[in-house]
1. May I ask you to list the residues in region 83-117 that are under 20 Å from residue 42 (Cα atoms) and either of a type in the set (Phe, Trp, Tyr) or open to solvent by 50 Å² or more (accessible area, probe 1.4 Å) (or both)?
2. Does residue 66 meet the test of being among the charged types (D, E, K, R), under 22 Å from residue 48 (Cα atoms) and surrounded by fewer than 16 Cβ atoms within 10 Å (Cβ to Cβ)?
3. Restricted to region 67-80, and to residues that are outside any helix (DSSP H, G or I) and acidic (Asp, Glu), which residue is modelled with the highest pLDDT?
4. Is it the case that region 22-39 has a residue that's within 12 Å of the ligand (Cβ to nearest atom) and open to solvent by 90 Å² or more (accessible area, probe 1.4 Å)?
5. Does residue 143 satisfy being open to solvent by 30 Å² or more (accessible area, probe 1.4 Å) and either under 17 Å from residue 25 (Cβ atoms) or within 16 Å of the ligand (Cβ to nearest atom) (or both)?
Amino acid sequence: MKNKDTERLESIRAAHETARSESSSRMEDYLEVILELVELKGYATTLDISRYMNVSAPSVTKMLQKLDENGYLEYEKYHGINLTQKGNQLADTIRQKHGILLEFFEILGIGHETANQDAEGIEHHLNPKTIRQLRKFITFLKSNPKIVQNFNNT
Ligand code: CO
């Protein structure tokens with residue numbers, strides 16, 4: 001193999017090593033939905049969550065146990081579900097990442113629906129530094145609307 005190929009393989013391996021797992025992405029999505037529900041009505045129920053996540057109630061119950069074990073939930077069986085401060089923080093971070101990605105994709109001229117879908121895919125996989133720079137870049141683009149105009153005219 002050529003050196004370049006080895007390098008690329010090495011970098012793929014390194015990226016996979018640090019990549020967030022599927023299951024932690026899943027947990028974050030639940031936290032996001034629970035945060036929205038809590039803000040909407042003060043608490044979340046298994047039924048609400050299963051409706052918004054489009055999954056069965058038993059799967060929700062299983063995930064809630066996992067979230068609880070990780071210290072994200074104030075989970076009382078016969079009352080509504082709420083977030084701990086730790087859960088709230090993580091959910092809020094994911095929501096912010098989602099919002100920043102969505103905004104960036106929309107500036108690129110990608111329609112809202114696709115932008116939203118793609119943001120959903122990527123939101124769990126960005127370092128805080130990447131998000132910070134992206135936010136900075138968005139601010140830069142917004143204060144230079146001509147650049148965005150020129151770009152969207154190409
Ligand atoms: Co997500």
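1. Correct list: 85, 86, 88, 89, 92, 93, 95.
2. yes
3. Among those residues, the one meeting the criterion is 74.
4. yes
5. Here the answer is no, as residue 143 does not meet what is asked.
Yes/no matrix, rows are residues, columns are (1) at pLDDT below 95; (2) basic (Lys, Arg); (3) in contact with a helix residue (DSSP H, G or I) (Cβ under 7 Å, 6 or more places away or on another chain):
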site: 4; (1), (2), (3): yes, yes, no
site: 10; (1), (2), (3): yes, no, no
site: 13; (1), (2), (3): yes, yes, no
site: 25; (1), (2), (3): yes, no, yes
site: 31; (1), (2), (3): no, no, yes
site: 41; (1), (2), (3): yes, yes, no
site: 45; (1), (2), (3): yes, no, no
site: 65; (1), (2), (3): yes, no, no
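The values are calculated or read from the model by the stated rules, or taken from the named source; none is laboratory data. What you are looking at is a predicted structure, and each value in this text was computed from that prediction instead of being measured. Here Cβ is always computed from backbone atoms with ideal geometry, including for glycine, and neighbour counts include all displayed protein chains. Calculation scope for accessible area: heavy atoms of the full protein, side chains included, ligands and nucleic acids excluded. Shrake-Rupley method; radii C 1.70, N 1.55, O 1.52, S 1.80 Å.
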